[in-house]
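Structure first, commentary second.
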Amino acid sequence: MSNLFLRTLREDPADAEVPSHKLLVRAGYVRRAAPGIYTWLPLGKMVLENVSRVVREEMNAMGGQEVLLPALLPKEYYEASGRWEEYGDTLFRLKDRKGADYLLGPTHEELFTLLVKGEYSSYKDFPVVLYQIQEKFRDEARPRAGVLRGREFHMKDSYSFDIDDEGLQEAYDKHRAAYIRIFDRLGLEYVIVSATSGAMGGSASEEFLAVAATGEDTFVRSTESDYAANVEAVRTPAPTDLPVEGLPEAQVHHTPDTATIQTLVDFLNGAGLGRDFTEADTLKNVLVKTRAPGSKDWELLAIGLPGDREVDFKRLEAALEPAEVALLEEADFAANPFLAKGYIGPKALLDNKVRYLVDPRVVTGTAWVTGADKTDHHVIDLVAGRDFTPDGTIDVAEVRDGDASPDGRGTLYTARGIEIGHIFQLGRKYADAFKLDALGPDGKPKRITMGSYGIGVSRAVASVVEQSHDDKGIIWPREISPADVHVVGTGKGGEVEEALRIGGELEARGLRVLVDDRKAAPGVKFNDAELLGIPTVVIVGRGLKDGLVELRDRRSGERSDVPVGEIVDRTV
Ligand code: ATP
Ligand code: MG
Ligand code: MG
Ligand code: MG
């Protein structure tokens, strides 16, 4: 430590509110360079590398292959996917000397899709999982809490490429299992919650939330089981006995007639959505959930909207007043406009998944009504149980503290968490945008299906500190601690030399060691040892003249005197 580039601080930084921010700065792990932009000092860099190593080991073990893509990216790829616009102000944009537009990558779906398209072309090449650990850039509206929400931050992002839906599900499940191992090894307490809520045709997506009062995400958990869910997506068993009497038959609905199209065009133009629509518009479907004033019954309304994303959804919702309206999802397939109650479109059928609105819940399931599997055809008036098999779950839009837990054990209460990981079945969104196909065994091209999976590596460092600290400082789990042992030498009777000797021996036995050989008062050294948070501390001080050193456990606070000759064996 006498030549370590480290200065600890007595005072909390003025801009810090949460424990991890205060402690990582005070203990000299990070320094603020600009809002949401941080420098990692030597000890901090070691922790960051340790987290990366755990992530890397588990990603490699599940079959992922590490690559490193550029962070500086030309606009054209993000324009092709629509994200140059979609990302809005969060995207860092810049120009090169010739005036061409560039961006700093916030996440890399586009480039990974293009990378695979450039190298692979046959179904035999797949599946493949690629990942990188890289700095990401997002101009967050509210960078906060130090490295918890940075504008430049470290992320592990991986992408899976598969020939079919079963392959994607497998890649997703493998990622989920790898994430569980990673977050367990990091010593984090976390829950896994569904990240989608009532979105028709939506694909599976789950978030890993580190439990912390300072977190920005709210979730519900049970008082008596380990059940946990996103507030918007509590899953309860689907009823199998839905009332079918009086409901119309399911039918395949062809491209709507001119009158229907005109009704919708008039409606859209009357809604003041910022542009004029004509029947010739390339339309994308938007699903809207509506409820007439005073009515208990929800209706699913599917309307076509232009694909160029000029529509202001807030205004659309307003335009649908006085019916009570909530936007469910923008489905990503092109189709002509129509109105329907109970609905499934070609894309959803291709995926063989149905969501059906049942006052006011959405049931997911597998359809067995077919015939709509072509452009401009849709099945309407589907009824769960009659026309498709519910897969046993319902997304409920709202829960309250004290509601019964869906697993029948205990009641629900709300808690807060930090999003440390996110796994997501993308489906064919990017493969469609970049025409990523593989030649199938029949010689026909088959569109690839993808997943994307993120871990906030720098955020994970701060999340561990949020969960693992006391009023004196950080308490690192050994796996990611900058050292295994902190040997503190205090006194002028050869204690510092003895500390260095013990440190050397421990190192020879394979441990990572930090020795405090500074010329500083014992109190300063003890305080720093607690602040830095290395799990095992050895004090070489007053007891040395009696042949004793002190062994301290940072987490439990336990202390014991150990003969010098035994300390190495006791510590290893
Ligand atoms: P958040 O909801 O916190 O804004 P996100 O959903 O936008 O995160 P993703 O796009 O899912 O983030 O990115 C994958 C992971 O990257 C997240 O789960 C999170 O752990 C991490 N991450 C995202 N934004 C930041 C940030 N600004 N600083 C640090 N880590 C971040
Ligand atoms: Mg975000
Ligand atoms: Mg999020
Ligand atoms: Mg996310």
Checklist outcome for this item: Output for Cβ contacts, cut-off 7 Å, separation at least six or different chains, first residue in contact (Cβ under 8 Å) with a residue 12 or more places away in the chain in segment 146-157, second within 13 Å of ligand 2 (Cβ to nearest atom) and basic (Lys, Arg), reads Val147/Arg459; Leu148/Arg459; Arg151/Arg138; Phe153/Lys136; Phe153/Arg459; Met155/Lys136
Checklist entry - Looking at segment 482-572, what strands (runs of 3 or more DSSP E) fall wholly within it and have at least 1 residues that are within 26 Å of Gly44 (Cβ to Cβ), under 46 Å from the mean Cα position of the chain (by Cα) and polar (S, T, N, Q)? => result 536-540
Item to check | Which numbered condition Ala483 misses (of (1) surrounded by fewer than 24 Cβ atoms within 10 Å (Cβ to Cβ); (2) under 28 Å from Thr107 (Cβ atoms)) | outcome: (2)
Checklist entry - Looking at segment 99-149, which of its residues are small (Gly, Ala, Ser) and surrounded by fewer than 18 Cβ atoms within 10 Å (Cβ to Cβ)? => result Gly99, Ala100, Gly118, Ser121, Ser122, Ala141
Item to check | Among residues of segment 420-461, those that are within 15 Å of ligand 2 (Cβ to nearest atom) and touching a Leu at 6+ places or on another chain (Cβ under 6 Å), counted | outcome: 2
Checklist entry - For residues in segment 111-145 being over 17 Å from the mean Cα position of the chain (by Cα) and of a type in the set (Val, Ile, Thr), which is nearest to Gly64 (Cα to Cα)? => result Val129
Checklist entry - Any idea which of (1) of a type outside the set (Asp, Glu); (2) over 18 Å from Glu207 (Cβ atoms); (3) within 16 Å of ligand 4 (Cβ to nearest atom) is the one Ile480 doesn't satisfy? => result (3)
Checklist entry - Of all residues in segment 422-445, how many are within 16 Å of ligand 3 (Cβ to nearest atom) and either in contact with a His (Cβ under 9 Å, 6 or more places away or on another chain) or of a type in the set (Lys, Arg) (or both)? => result 1
Checklist entry - So is Gly456 surrounded by 24 or more Cβ atoms within 10 Å (Cβ to Cβ) and within 16 Å of ligand 4 (Cβ to nearest atom) or not? => result yes
Checklist outcome for this item: When restricted to Glu135, Glu207, the only residue within 24 Å of Val464 (Cα to Cα), within 15 Å of ligand 3 (Cβ to nearest atom) and not aromatic (Phe, Trp, Tyr) is Glu207
Checklist entry - Here are some residues: Val193, Val220. Which one is within 16 Å of ligand 3 (Cβ to nearest atom), modelled with pLDDT under 90 and in a strand (DSSP E or B)? => result Val193
Item to check | Residue, farthest from ligand 3 (Cβ to nearest atom), within segment 63-119, restricted to residues that are outside any helix (DSSP H, G or I) and small (Gly, Ala, Ser) | outcome: Gly99
Checklist entry - Within segment 98-120, can one find any residue that is among the hydrophobic types (A, V, I, L, M, F, W, C), closer than 30 Å to Leu24 by Cβ and more than 16 Å from ligand 1 (Cβ to nearest atom)? => result no
Checklist entry - Given the structure, is Ser452 of a type in the set (S, T, N, Q), in a strand (DSSP E or B), touching a His at 6+ places or on another chain (Cβ under 9 Å) and more than 15 Å from Glu189 (Cα to Cα)? => result yes
Checklist outcome for this item: Considering residues that are crowded, with 16+ Cβ neighbours inside 10 Å and either in a strand (DSSP E or B) or touching a Cys at 6+ places or on another chain (Cβ under 6 Å) (or both), the number found within segment 416-436 is 11
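The values are calculated or read from the model by the stated rules, or taken from the named source; none is laboratory data. Small disclaimer: the values here were computed from a predicted structure and weren't measured. Don't worry about glycine lacking a Cβ; one is built from the backbone with ideal geometry, like all the others, and counts go over all protein chains shown.
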